Each structure stands twice: as C-alpha cells, then as structure tokens.
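The values are calculated or read from the model by the stated rules, or taken from the named source; none is laboratory data. All values reported here derive from a predicted model rather than from experimental measurement. Note: ideal-geometry Cβ built from the backbone for every residue, glycine included; neighbour counts use all protein chains shown.
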C-alpha cells in the first residue's frame, strides 16, 4: 500500500493500459461491424472500461488523488466544449446554399484557421461547420468534412494559447502569451497552407466534374449571408474570458453562459441549426472513458519519458504528436514539456526556468507544441471537436468516413506527408 509522499507511478502495471486499448479498438471497429449495437451501447462500453481503470487506481494503487485529478481535468474539458457547443448552436449563420467554389472554400477554411486562434478550435468548428455544409450543399462529400476537421478543428489553432488546450497549459506554466504566435507562425503557415493547397486540388477536380452548370452556381462572396442569435457572441466572449479564471470560477462562468444561451435563444434558431444533444452526449461519454482509461498510459509515460532517448526537437515532435493522436493532447504536451526541461535540469513548475528553456531550447518547445496541436487531426479521438463535427455531419445526412476510413484514406496519405514536411523544414 502506498503512503503519503511515496511516488506510486512506477508501480503502474503495463497491463493496466488494456482497457484503453480495448476502448480505442471498439471505437474504431464497432460502428463498422454493428452500428446499431454501438449506438445503443457506447455509453456502457466507455463507462464500463473507464470504471475498470478507476477501480484499479482506487483499490489496486490506493491513489484516489489521481482519480480526482483526472475527474477535474475531464470536468474542465467537457464544460468548455459543452458550453461552446451550446452557445455556438444558438448562432444561426445563414448562407447562400450550394454556392461554394473551390476558391471560396479555400478562403473559408483559411478564415476558419485564423478564427480558431481567437475562439479556440472547438469554438470555430462548432460555429462554422453548419455554414460550411450549407455552402457546399449541392456537392457535399466526405472530404469536405475531413479537411474541415484538419484545418479548422486542429491545425488552425496553434498561434495562441486560446487556440488549443495544450498551448493554454503552456501559458499557465509560464510560456508568454505571444510566444507561440511568434515562434510557430511559419510552422502554422506551412502546415495550414499545404493542407489548403491539397484541398484546392481535390475540390477543384471534383468541381469540374459536376454534371450541370446549376451545380456550379456562385454569386457575390457575401451575398445572402446573415447572422441570427448574435447575442450569443457576448456569451462566447464570456466563455473565452473565463479560460483565464481560477478553475471553479471558470466552470461556473462557462456553465452560466450555456444556461443563458439555452434560455434566451429562440427555438426557431435551434431548429434551423438542427440542434440536438446527441453530438455532445456522445463526446461526453466517449471522452469520459478515454480520460479514465488513459491514466495508466500517461502515468507510465511520465515515469519512463526520461529513459526513452528523446533528446532532439525532431524526436519530441514525433513522440508528442504520435501520442497526441490517441491520447488527450494536453497532458501529453505537459508530459513531454516536463521531460524536455528535465533533460537540462529545469523545472516546469518554476516560471523563470520555463523562460530559460524558451531562450535555450525554443525549437524543442516549438516542436512539442506543434506536435500536440497538429497531430490531433490524425484521428477522430485526437481532439474533442473532431468527434462533434463528425456527429453533426452524420446527423445532417452527410456520408462521413469511419475511424479507419478517416485514418487510412485521408489522414495517412494526405495529412501525414504534410506533418513530415513540417518536421523536415523546422525540426529536423
């Protein structure tokens, strides 16, 4: 039995990560093998496997503090994305449906990438996914949803701490607010620009193959646009401002903003947006299971990171990114940022030493930051908004690739080469 002050992480069993692996495998395979069963049972699967890990920590490791810490992290995660989901669901952006061209689509995604740094990838994705589908209504294909996830829900948000949770953790640990934008601007431009260029080619080919001129209709870029429920932008600003408050205040302000949005938004706006609770309910259950079952994996990483031979910016980029595609990218970022500082005798808990690391090991910190943010786009579970975008699109009748289809048809052949180019230019 552990006692106060005794480090228990080294005794975490390697077999304890089995529930995490089983959950990921079930998320990938069950919708393909038996979608009806999965839609009825995902709550029980995620909750049951998560409970197995929680019992292991409580009864086996006698570490309730670790469970409480994870519960607190999950609460902050789900309250944030839940509040953003509710408030953006109360904003109706009316667009001239079916008028998008490849050029206007590229502009839209580029604007979404920029917006992600102001309202976060979750906020931008939830605000823009419905108008994105509307603009492409006459020719909406799976690749439209996938590239939206790539750009708006992930890669776009690496310039500010608001953009993605890992960067916010870095800010809380002493990374200056504008450091990421200064040191990752070129990385952002290459990564986002390359993905947009690939999208432009794919969308251009598909556009030229449309059978009728009616399918290629396009008017003024701003004609037919309108916004309803604009008061929700004030609530959105409150949610983003609350990110910088102490944890309890943060949760309270975000929950209050969501409740106000539900109370004040006219039903007609929710109906026009096709608003339902299913997307956030699915994310809440699945990520509850993921947060719980990934505890052993993160704890093993924390104890073993120093012995993995990771000592260059390139190695930190790949290991942080690869694990961020499967684990929550915020604790993965923190784990390897801590390891990077530790290699030089510096502590993540001393802001002055964090500044020293930025001055002497800036490429390494940039590599960890880019890896955590960019690789979140590799899978549906890599970042919270990915699943919500997928679910919203599915419920709107869009054909969306499954877990392996997303990974092997799009992420590996399209996104992975871009991530390699980023590595080759900046972190090699």
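See the values below:
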| quantity | calculated |
| --- | --- |
| Per-region count, region 224-251, residues outside any helix (DSSP H, G or I), in contact (Cβ under 8 Å) with a residue 24 or more places away in the chain and within 20 Å of residue 81 (Cβ to Cβ) | 2 |
| Among (1) more than 24 Å from residue 407 (Cβ to Cβ); (2) part of a helix (DSSP H, G or I); (3) within 25 Å of the chain's Cα centre (by Cα), the one test that residue 280 misses | (1) |
| Residues within region 26-69 that are farther than 26 Å from residue 278 by Cα and surrounded by fewer than 15 Cβ atoms within 10 Å (Cβ to Cβ), tallied | 9 |
| Of the criteria (1) modelled with pLDDT under 80; (2) over 28 Å from residue 296 (Cβ atoms), which one residue 352 fails | (1) |
| Which listed residue is more than 18 Å from the chain's Cα centre (by Cα) and part of a loop (DSSP other than H, G, I, E, B), from 174, 163 | 174 |
| Criterion (modelled with pLDDT under 90, touching a strand residue (DSSP E or B) at 6+ places or on another chain (Cβ under 7 Å) and either surrounded by fewer than 21 Cβ atoms within 10 Å (Cβ to Cβ) or closer than 24 Å to residue 394 by Cα (or both)) met by exactly one of 227, 283 | 227 |
| Some residue of region 102-110 being free of Cβ contacts under 8 Å to residues at least 60 places away in the same chain, out of contact with any helix residue (DSSP H, G or I) (no Cβ under 6 Å at 6 or more places or on another chain), farther than 19 Å from residue 290 by Cβ and surrounded by 20 or more Cβ atoms within 10 Å (Cβ to Cβ) | yes |
| Residues satisfying the stated conditions in region 156-171, i.e. surrounded by fewer than 24 Cβ atoms within 10 Å (Cβ to Cβ) and either touching a strand residue (DSSP E or B) at 6+ places or on another chain (Cβ under 7 Å) or modelled with pLDDT of 90 or more (or both) | 160 |
| Residues located in region 305-320, provided they are farther than 10 Å from residue 335 by Cβ, at pLDDT below 90 and part of a helix (DSSP H, G or I) | 306, 307 |
